[in-house]
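See below for the structure under consideration.
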Amino acid sequence: MTTPLRLWLDDDRPIPDGYNVWARDAAAGITALEEAAAAGRHVEIVSFDHDIISTDGQEFRPVMRWIAEQDAWPDTVRVHTGSSIGAEWLLGIARRYAPDTTTVIDARATKQDGGAQPLT
């Protein structure tokens, strides 16, 4: 039995306990999801940052678009970004298009916790 995918999307905050794939840009996040789909691997959680600091002007929105367009929703979509505009966009897409079986969590980062709480 394959371990479910627990995808951490963030270029800055280190991967917390409980996640098993760390994607530091949108292309790597989409690749991880495509590989999971091709292998029939269950996607348990995708936790989103929004802004990619290391590459000017890029963000993780393409991953959310891919999930919505492919109708490849994980059990849980978690938004941990510190960007209020980015969080509203990500949460809005998930709340509008995800099925009722997907849990959507607003876990916005604060300066105190950085959004990198372990999976519980």
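General remarks:
- The stretch 90-114 residues that are more than 15 Å from MET64 (Cα to Cα), paired with ones that are modelled with pLDDT of 95 or more and assigned to a helix (DSSP H, G or I) (beta carbon under 6 Å, 6 or more apart): none
- In the stretch 59-106, of all residues being more than 14 Å from the chain's Cα centre (by Cα) and under 19 Å from GLU34 (Cβ atoms), the one that is most open to solvent (accessible area, probe 1.4 Å) corresponds to GLU69.
- Hits in the stretch 107-117 (condition: at pLDDT below 90 and either under 14 Å from GLU44 (Cα atoms) or under 13 Å from the mean Cα position of the chain (by Cα) (or both)): ARG108, GLY115, ALA116
- Conditions (1) touching a Lys or Arg at 6+ places or on another chain (Cβ under 6 Å); (2) farther than 17 Å from ILE105 by Cα; number of the one not met by SER47: (2)
- Scope the stretch 1-40; condition open to solvent by 70 Å² or more (accessible area, probe 1.4 Å) and of a type in the set (D, E, K, R); matching residues: ASP12, ASP17, ARG24, GLU34, GLU35
The values are calculated or read from the model by the stated rules, or taken from the named source; none is laboratory data. These figures come from a predicted structure and were not determined experimentally. FYI the Cβ positions are ideal-geometry reconstructions off the backbone, even for glycines, and counts take in every protein chain you see. These accessible areas exclude ligands, DNA and RNA; they are computed on the full protein's heavy atoms, side chains included. Shrake-Rupley method; radii C 1.70, N 1.55, O 1.52, S 1.80 Å.
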